[in-house]
Amino acid sequence: MTIYLDCNATTPIEAQVQNSIIKYMTEEFGNAASRTHEYGLTAKKAVQQARDQIAKLVNAKREEVIFTSGATESNNIAILGLQKYGIQHNKRHIISTTIEHKAVLEPLMELEKQGFEISLIHPNKDGYVEPQTIKNALRKDTLLVSIMHANNETGILQPITKIAEQLQQHQTYFHVDAAQAYGKDIPTLRNQRIDMISASAHKIYGPKGIGTLIIRRRGYQKMPLTPLMYGGGQERGLKPGTLPVPLIVGFGIASQLALQNHKQRNQTCKQFKQKLITALTPLNPTIHGNLQHSLPNCINFSIKGIDSEAAILTLKGIIAISNGSACTSSNYSSSHVLQAMQLSEQQIQGALRISWCHLTPSVNWQPIIQHLNQLII
């Protein structure tokens, strides 16, 4: 049986989450907008409970949780939704980084076509951006700073707390794409200087197809976002359409479990990482990014003389791993993240990402290392 080691792409689902989804698909299947009978009222109550569970994880309020189809849609709303406000107030400058997910970079490219100026900050050789470079890029007309929490390819955590400190005296909005670290690095996202947080349920052992954009108020000031779609007025007008109650319930329970169990989960993942690094040592791998600034459940590395595609093919049927972002794998090209970190072309072509979780079974690394060793030219 192939061992799944691609949890940064998507995680397995927790049994408790799965059971709750099935219940709300087969028994409590009401529409949360139906106010005239108990099925609708039960669904509405379940949705509100899920909002509370998600909000509690990041120290937000129930009404600040907006449900979306996932972090990609959340990122689009957070970025493109500010376009009208930026034009009206002559704030057309945005700061982000060269290592963002395409779900951030491509909306930024669309705004650039509309006359916005985008400053993309490069990471250092360890894979994270220096907070001072963000501060140095700030201008009076800076509308938004959008920085990912953890990189999906390398697992490197960005210094979100220190960046938030640099923004304290500036009115710019601060958006964090937290798809990879939501429910894993909990204290960071509780920082009230973060205005918007994007997350997906399927990265924390929940279902695919549901996510959130958490939008914090500044006192009584509402975030000036314009919806990208219209019709129905759900989710405070930002995400129209019938709420997928079963998925929302699953997301809520996944968030609750993350809050309860994140310390134990992280410890399990750290132990797995140490065993993996020890097993790889004879192959003299180059690990991309500083492990002291990384999530406990992921490493990105290359081995001299090994091409990533050849390695994945050789290990097929043994372990399931990747060589980049799952969202762009249908059109594979060299990793823009690793290019931004100024890795050599050989290292980029050989880069492998292994990611796991607390549900991952133990792995016998010896035959895997033997297979890789045979590929070394």
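Mind listing just one residue for me: the one in the range 174-228 that is aromatic (Phe, Trp, Tyr) and touching a helix residue (DSSP H, G or I) at 6+ places or on another chain (Cβ under 7 Å) and, of those, nearest to VAL249 (Cα to Cα)? So, considering only residues that are aromatic (Phe, Trp, Tyr) and touching a helix residue (DSSP H, G or I) at 6+ places or on another chain (Cβ under 7 Å), the one nearest to VAL249 (Cα to Cα) is TYR205.
Only one entry in ALA164, ALA199, ALA137 is closer than 23 Å to SER355 by Cα and either at pLDDT 95 or above or of a type in the set (Lys, Arg) (or both), namely ALA199. Residue count for the range 156-200 satisfying the condition of being in a helix (DSSP H, G or I) and over 23 Å from THR11 (Cα atoms): 7.
A quick yes/no check of all residues on (1) among the hydrophobic types (A, V, I, L, M, F, W, C); (2) crowded, with 21+ Cβ neighbours inside 10 Å:
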{"residue": "GLN234", "(1), (2)": "no, no"}
{"residue": "PRO240", "(1), (2)": "no, no"}
{"residue": "VAL249", "(1), (2)": "yes, yes"}
{"residue": "SER255", "(1), (2)": "no, yes"}
{"residue": "GLN264", "(1), (2)": "no, no"}
{"residue": "GLN274", "(1), (2)": "no, no"}
{"residue": "THR278", "(1), (2)": "no, no"}
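Might you let me know whether the range 22-43 holds any residue that is surrounded by 18 or more Cβ atoms within 10 Å (Cβ to Cβ), in contact with a helix residue (DSSP H, G or I) (Cβ under 9 Å, 6 or more places away or on another chain) and closer than 30 Å to ASN297 by Cα? There is no residue in the range 22-43 that is surrounded by 18 or more Cβ atoms within 10 Å (Cβ to Cβ), in contact with a helix residue (DSSP H, G or I) (Cβ under 9 Å, 6 or more places away or on another chain) and closer than 30 Å to ASN297 by Cα. Of note, ALA137 does not satisfy the criterion of being within 27 Å of TYR230 (Cβ to Cβ) and hydrophobic (A, V, I, L, M, F, W, C). State yes or no: is LEU189 within 30 Å of HIS89 (Cβ to Cβ) and buried (at least 21 other Cβ atoms within 10 Å of the Cβ)? It is true that LEU189 is within 30 Å of HIS89 (Cβ to Cβ) and buried (at least 21 other Cβ atoms within 10 Å of the Cβ). Of the candidates MET223, MET148, the single residue that is crowded, with 24+ Cβ neighbours inside 10 Å and assigned by TED's automatic domain parsing to the domain that holds THR68 is MET148. Does PRO296 satisfy the condition of being under 24 Å from the mean Cα position of the chain (by Cα) and surrounded by 13 or more Cβ atoms within 10 Å (Cβ to Cβ)? Criteria met by PRO296.
Could you list all residues from the range 12-47 that are of a type in the set (S, T, N, Q) and closer than 14 Å to ILE253 by Cβ? GLN16, GLN18, ASN19, SER20 - these are the residues of the range 12-47 that are of a type in the set (S, T, N, Q) and closer than 14 Å to ILE253 by Cβ. Here the condition is being within 30 Å of ILE312 (Cβ to Cβ) and free of Cβ contacts under 8 Å to residues at least 40 places away in the same chain; of ALA71, ALA15, ALA9, it holds for ALA15 alone. For the range 269-286, the condition holds for at least one residue, the condition being that it is under 19 Å from the mean Cα position of the chain (by Cα), not acidic (Asp, Glu) and not assigned by TED's automatic domain parsing to the domain that holds HIS122. Restricted to the range 110-144, and to residues there that are within 30 Å of PHE301 (Cβ to Cβ) and among the aliphatic types (A, V, I, L, M), the residue that is surrounded by the fewest Cβ atoms within 10 Å (Cβ to Cβ) is LEU120. For the range 55-75, indicate whether the set of residues that are over 20 Å from ASN191 (Cα atoms) and assigned to a helix (DSSP H, G or I) is non-empty. For the range 55-75, residues over 20 Å from ASN191 (Cα atoms) and assigned to a helix (DSSP H, G or I): present. The condition (being surrounded by fewer than 21 Cβ atoms within 10 Å (Cβ to Cβ), within 17 Å of the chain's Cα centre (by Cα) and either more than 28 Å from ASN90 (Cα to Cα) or touching a residue at least 24 places away in the same chain (Cβ under 8 Å) (or both)) is satisfied by just one residue among THR172, THR161: THR161.
The values are calculated or read from the model by the stated rules, or taken from the named source; none is laboratory data. Small disclaimer: the values here were computed from a predicted structure and weren't measured. Backbone-built Cβ (ideal geometry, glycine too); neighbour counts: all protein chains shown.
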